Amino acid sequence: MKKYFILAVIYEIIFLLNIACFPLTMGEAMTIDKSKEIVKLPAPRFDGNIPVETALLKRRSVRSYAAEALTLAEVSQLLWSAQGITDSRGFRTAPSAGALYPLEVYIVAGRVQDLPAGIFKYRPHRHELFKILEGDRRAQLCSAALNQSSVIQAPVVMVFCAVYERITGKYGNRGMQYVYMEVGHASQNVCLQAVSLGLGPLTIGAFYDDQVKTVIHAMADERPLYIMPIGRLKSE
């Protein structure tokens, strides 16, 4: 399966080449400080606080959150659960048809300790974040998500996108179904990981695709599939 890992690296290189010339919108200038564009994430933990059965039992959609920041370690764990590398051959936490991995994961950070507000893209093979844009963009994302208040309340929002061509090239139109299956696998991973961390997750599928792409500066071939606000539970 080494060729699939190599493909993932090639797509990352293409991303880096395109990010400099990606058309900007809303009159914003995207400037990236080369010394700060990469955020190395803390190593993920492989032992949890609660059994998977308990996480399944406690998983609920949470729509309001405490006004408290997440830690960078928590964000690291959430991202790893979504698409982290779990094998030297490049296999990940979520199954993927043909190990082709069409998903791309962005985070819209608002209140995360040791991470400035901004939009970042997860790079699984290095377990790091690549900075796309500075500044808190949760309000714009909230507008793109039909003004669902959870998006602006959550300290961090995860956005799943897909590059369909990575998988339809092998499986044809059937590959579209495999993409939807995969984002379901990955988002459930995040839900259970969030519960294990004592956090509240939410999955959102109602949004304007083009507006979401504009807010996160997704690449032209990336289609938004899922928005996941995640935050700390309010005290009862």
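Structure values in brief
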| read-out | value |
| --- | --- |
| Enumeration of residues in region 185-200 that are within 13 Å of the chain's Cα centre (by Cα) and either outside any helix (DSSP H, G or I) or hydrophobic (A, V, I, L, M, F, W, C) (or both) | 186, 190, 191 |
| Candidate set from region 43-59 (those that are part of a loop (DSSP other than H, G, I, E, B) and loosely packed, with under 12 Cβ neighbours inside 10 Å); member that is nearest to the chain's Cα centre (by Cα) | 43 |
| Residue check, residue 227 surrounded by fewer than 22 Cβ atoms within 10 Å (Cβ to Cβ), of a type in the set (A, V, I, L, M, F, W, C) and either touching a helix residue (DSSP H, G or I) at 6+ places or on another chain (Cβ under 6 Å) or within 23 Å of residue 112 (Cβ to Cβ) (or both) | no |
| Lone qualifier among 106, 178, 122 - being surrounded by fewer than 24 Cβ atoms within 10 Å (Cβ to Cβ) and hydroxyl-bearing (Ser, Thr, Tyr) | 178 |
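Where a number appears in this text, it was derived from the coordinates with a stated rule and is not lab data. All values derive from a computational prediction rather than experimental measurement. So basically every Cβ, Gly included, is an ideal-geometry build from the backbone, and we count neighbours across all protein chains shown.
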